[in-house]
Amino acid sequence: MRVAMLFDSFGPYHLARLRGCGGVVEVQGVAGGSVSGLYAWRHDLPGSAGIVVVNESGAAGELSRGEFRKRLVGLLERVRPDVVAVPGWSDRLALEAVLWAEGRGCPVVTMSDSTEWDSVRKPVLEWVKRRVLGLSSAALVAGGPHGDYVRKLGMSGGRVFDGFDVVDNGYFEAGVAAAECGTRGGAGKYFLVCGRFIPEKNLMLVLEAYRRYCGGTGGGRWPLVLVGGGALEGELMEKAESLGCGVVRGLPWEREGEVERAVYFAGFRQVEELPGIYAGAGVLVHASVKDTWGLVVNEAMASGLPVIVSGRCGCASDLVRDGENGYVFEPTDVEGLAGLMGRVARMPEAERAAMGEAGRRVIAEWGPERFAAGLKGAAEKAMEEGPKRAGVVDRMILNLLCRR
């Protein structure tokens with residue numbers, strides 16, 4: 001059984017999942033583009049083993065619909081998969097692949113990390129989504145809330161498998177152990193935030209919570225490190241300065257001298273640098289008001305860090321044991337977040353390390369092996385169920401969506 005696994009582009013997360021499938025299920029990676037339209041990942045996809053690329057010279061969205069379809073169809077005809085695994089129900093790559101699979105009698109597995117509550121749901125769009133998902137024979141979802149959502153959209157429980165959102169846990173655990181990144185205790189610790197600088201990540205509230213942490217009982221001493229980039233960077237720097245924080249570009253060990261209430265803007269960092277960054281942190285803060293999962297939480301837990309995670313993150317219910325390996329908070333509660341930041345910073349090192357080890361035990365169950373088992377189970381179920389047939393309305397919907 002050969003599975004064609006499609007993604008817009010293959011970044012570190014996707015490559016880890018592809019490697020994890022080795023020896024479990026035969027997978028051919030199909031990338032829409034050689035680069036991502038969202039992330040500045042550094043890699044050479046056309047030269048990567050096990051991956052073919054629709055647009056080898058750029059992002060998937062740079063091709064016209066006709067050219068994109070022609071190239072994708074050519075690749076799928078060459079691969080001749082028994083099952084096609086597509087990313088969600090709205091991406092052009094996924095929709096074009098569903099059209100191809102339906103015409104060839106090839107079963108489809110939908111891979112999804114959407115929850116019912118991560119966006120405002122409109123009845124008409126949910127109806128469209130049901131029609132598209134109805135053309136899939138099985139689903140591979142991220143976790144509990146995501147399985148609940150696809151079941152609500154009509155996918156029966158026996159056809160739903162989990163483990164979609166994983167990272168290479170071993171890479172981060174080994175990398176942290178080997179990292180020579182400042183000290184691992186006491187004054188060397190900092191609050192770590194990793195993610196794009198977009199409104200959904202709720203970084204303005206994080207800055208406000210950090211200011212309150214600094215002004216709390218005893219006056220907090222840990223700096224705040226923001227790793228990532230995006231359109232809000234300038235506004236975030238202005239906000240930090242208006243709160244009386246010291247704004248510094250780079251990472252703490254890349255700068256000399258101590259800065260009071262320091263907020264470090266470290267920029268986007270490639271995966272090779274991340275274990276060293278996690279190694280120096282005391283806790284990860286992930287405060288999103290809307291996040292389908294939150295893979296940085298996986299990374300932090302694999303790195304042995306406690307985590308403070310918004311309850312609006314899709315991973316919270318599956319990964320965070322409140323008070324055991326971290327804390328869950330309401331993302332509008334700035335005082336609550338400030339209090340949790342202070343609580344973790346005041347912990348004895350041994351207690352904080354115990355929380356991190358508890359996290360490692362949890363995340364050990366959510367690695368590439370779980371993805372491989374989930375994909376294999378979903379593909380086998382799809383083969384058992386057989387391909388779904390599209391009606392006239394379904395084909396009209398798919399073609400209209402592909403033209404967006």
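Computed from the coordinates by the stated procedures, all read-outs in this text should not be read as laboratory data. Just so we're clear, the structure is a prediction, and the values are computed from it rather than from any experiment. Here the Cβ is made from the backbone with ideal geometry for all residues, glycine too, and neighbour counts use every protein chain on show.
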Worksheet item: Of the listed peptides 371-378, 392-399, what is their order by residue-averaged count of other C-beta atoms within 10 Å, with the highest listed first?
Response: 371-378, 392-399
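Over the chain, what is the relative contact order in whole percent, taking alpha-carbon pairs under 8 Å and six or more residues apart?
Computed over the chain, the figure is 20 percent.
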Worksheet item: Of all chymotrypsin sites (Phe, Trp or Tyr not before Pro) in the range 245-320, which ones are in loop regions per DSSP and have a Cβ with at most 10 other Cβ atoms within 10 Å?
Response: none
Worksheet item: In the range 224-278, which trypsin sites (Lys or Arg not before Pro) fall in coil by DSSP and have 16 or fewer other Cβ atoms within 10 Å?
Response: Arg255, Arg269
Fill in: For Val53, residues with placed amide H under 5 Å, excluding near neighbours
Ala31
Fill in: Efficiency of FRET from Cβ geometry, Glu241 and Lys70, R₀ 41 Å, rounded to 0.05
0.20
Item to complete: Counting helices only, and only those DSSP H runs with n ≥ 4, report the 222 nm mean residue ellipticity of the chain as the sum of -39,500 (n - 2.57) divided by its residues, in deg cm²/dmol to the nearest 500.
Response: -12500 deg cm²/dmol
Practice prompt. Collect residues whose amide H, placed 1.01 Å from N in the peptide plane, falls under 5 Å from the amide H of Ser36; neighbours closer than 5 in sequence don't count.
Written response: Trp41
Fill in: Filter on Lys122/Lys376; Lys152/Lys388; Lys201/Lys388; Lys122/Lys388; Lys122/Lys239 - keep pairs with C-alpha separation over 29 Å
Lys122/Lys376; Lys201/Lys388; Lys122/Lys239
Response to the item:
For the range 82-87, Karplus-derived ³J(HN,Hα) couplings (6.51, -1.76, 1.60; θ = phi - 60°; whole Hz; x for glycine and proline) come out as 7, 9, 10, 9, 10, x
Discussion item. Loop by DSSP (not H, G, I, E, B), at most 11 other beta-carbon atoms within 10 Å: where is the longest site-free stretch of the chain for GluC sites (Glu not before Pro)?
Written reply: 1-179
Worksheet entry | Long-range amide H partners of Gly246 with built H, under 5 Å | Ala262, Val263
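So which trypsin sites (Lys or Arg not before Pro) in the range 275-365 are both in a DSSP loop and have at most 16 other Cβ atoms within 10 Å of their Cβ?
Arg321
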